[in-house]
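Read through the structure below, which is laid out as structure tokens, and then see the notes.
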Amino acid sequence: MTNDKGLLIVLSGPSGVGKGTVRKALFEDEETNFKYSISMTTRDKREGEVDGVDYFFKSREEFEQLIEQDKFIEYAEYVGNYYGTPVDFVHQTMEQGHDVFLEIEVEGAKQVRDKFPEALFIFLAPPSIEQLESRLVGRGTDSNEIIEHRISEAKRELTLMNLYDFVVVNDSIEEAKRKIRCIVEANHLRRSKVERHLRKLLLEVEE
């Protein structure tokens with residue numbers, strides 16, 4: 001591990017596309033050394049979710065206080081709930097040379113692009129709208145009205161793929177995981193990152 005600044009990896013995509021499942025698969029892999037930046041939300045906990053592990057769950061009032069204090073890299077209101085990325089952890093971890101992994105909504109990713117244009121943006125896409133709808137219905141956590149709204153939002157979000165560097169179709173969890181790892185590894189080999197490190201070495205030799 002060098003002291004070079006880490007990558008900010010942004011994974012987003014429509015609701016129901018499997019962002020959380022792919023993220024968990026990545027982090028269960030022993031070879032993964034990303035630092036996961038836990039998002040904050042005002043939505044209710046789903047069965048099996050743990051506060052401080054899956055999300056930081058806050059009341060609407062608490063979240064809005066943090067907005068006023070400028071404590072988010074990004075935040076967005078989606079289907080009646082806030083989602084946001086706390087800023088302090090991300091900055092500190094990247095400066096320590098670690099890659100930070102964000103799993104966020106599409107609207108949030110647009111804000112991160114404005115503040116961190118050098119970040120790595122990956123869009124997770126569904127194999128089809130029909131499969132996306134099937135996944136949302138299969139969750140059993142949302143009303144028909146909310147599902148219809150999420151499908152409508154998903155169609156709109158699919159038109160925003162041009163804001164991302166890479167698109168991964170999630171037709172297989174293992175294959176999506178493999179592709180994301182390859183994308184990150186390739187970005188660590190970009191000339192700009194390697195050149196910066198080599199220039200530091202040359203300066204040390206000259207001294």
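Values for this structure:
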quantity	calculated
Solvent-accessible area of ASP99 with every protein chain in place, 1.4 Å probe, in Å² to the nearest 10	20
Spatially proximal aspartates and glutamates relative to LYS200 (Cα-Cα < 13 Å; intrachain offsets below 8 disregarded)	ASP4
Measure of compaction for the stretch 17-77 (Cα Rg per 2.2 N^0.38 Å)	1.28
Mean-position separation - Cα centroids, the stretch 169-196 and the stretch 1-78, in angstrom	19
Where HIS98, HIS91 fall by accessible area, highest first, once all protein chains stay in place (1.4 Å)	HIS91, HIS98
Compactness index (Cα Rg / 2.2 N^0.38 Å), the stretch 125-187	1.30
Reciprocal mean inverse distance between Cα atoms of the stretch 108-161 - Kirkwood radius, Å	12.7
Calculated SAXS-style log₁₀ I(q)/I(0) at q = 0.23 Å⁻¹ - the stretch 30-131, Debye, Cα scatterers	-1.39
4 °C / 1.567 mPa s Stokes-Einstein diffusion coefficient of the stretch 98-207, Kirkwood radius on C-alpha pairs, µm²/s	78
Degrees separating the helix 19-28 axis from the principal Cα axis of the chain, which is the longest one	50
Of the chymotrypsin sites (Phe, Trp or Tyr not before Pro) in the stretch 35-73, those whose Cβ has at most 13 other Cβ within 10 Å and which sit in DSSP loop	none
Where N is the number of residues in the chain, Cα Rg divided by 2.2 N^0.38 Å	1.08
Directionally averaged shadow of the stretch 1-52, computed from the convex hull of its alpha-carbon atoms, nm²	5.1
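The values are calculated or read from the model by the stated rules, or taken from the named source; none is laboratory data. Note that this is a predicted model, so its numbers are computed, not measured. Because the Cβ atoms are built from the backbone with ideal geometry, glycine has one as well, and the counts that use them run over all protein chains shown. In case anyone asks, the SASA skips ligands and DNA or RNA and just uses the protein heavy atoms, side chains included. Shrake-Rupley method; radii C 1.70, N 1.55, O 1.52, S 1.80 Å.
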